């Protein structure tokens, strides 16, 4: 069966996706899994529950691309004398991955990305200091 070409992700869809993958449980499972298809299947199901139909593979590819773009912008902006680049997903990605050591997963001063992200009524993620709303929890 052929994989049909996926439609571009809407801003609201990406914001919901980032809130879901930023959840502490999802991040912990992604950190601990060599084969993480089950985790991406869970994310795909959660996206469907929010009205967005994305396959496991589409979710995996989206996170891979977002992480790649995030690292490139973070590296660029960390260089002395470089003109700063801005990216609409930078703050959300930084809330999830910015305080994590690159080599050893979850051992950092911040103990969960889910304590930093919340989805608003219009689908945006906000940086906050408490857990995700119940409607976006993965438990």
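Of note:
- Protection proxy ranking, highest mean first, for peptides 72-78, 49-55, 60-66, 89-95: 89-95, 60-66, 49-55, 72-78, where packing is the per-residue count of other beta-carbon atoms within 10 Å, averaged.
- Rough spin-label spacing in nm, given labels placed 7 Å along Cα→Cβ, for residue 48 and residue 10: 1.9 nm
- Residues 44, 80, 6 in ascending order of nearby Cβ atoms (within 10 Å, fewest first): 80, 6, 44.
- Centre separation in Å (Cα based) which lies between region 60-80 and region 34-58: 22 Å
No value in this document is a laboratory result; all are computed from the given coordinates. Small disclaimer: the values here were computed from a predicted structure and weren't measured. Cβ: placed from backbone, ideal geometry, glycine included. Neighbour counts: every protein chain shown.
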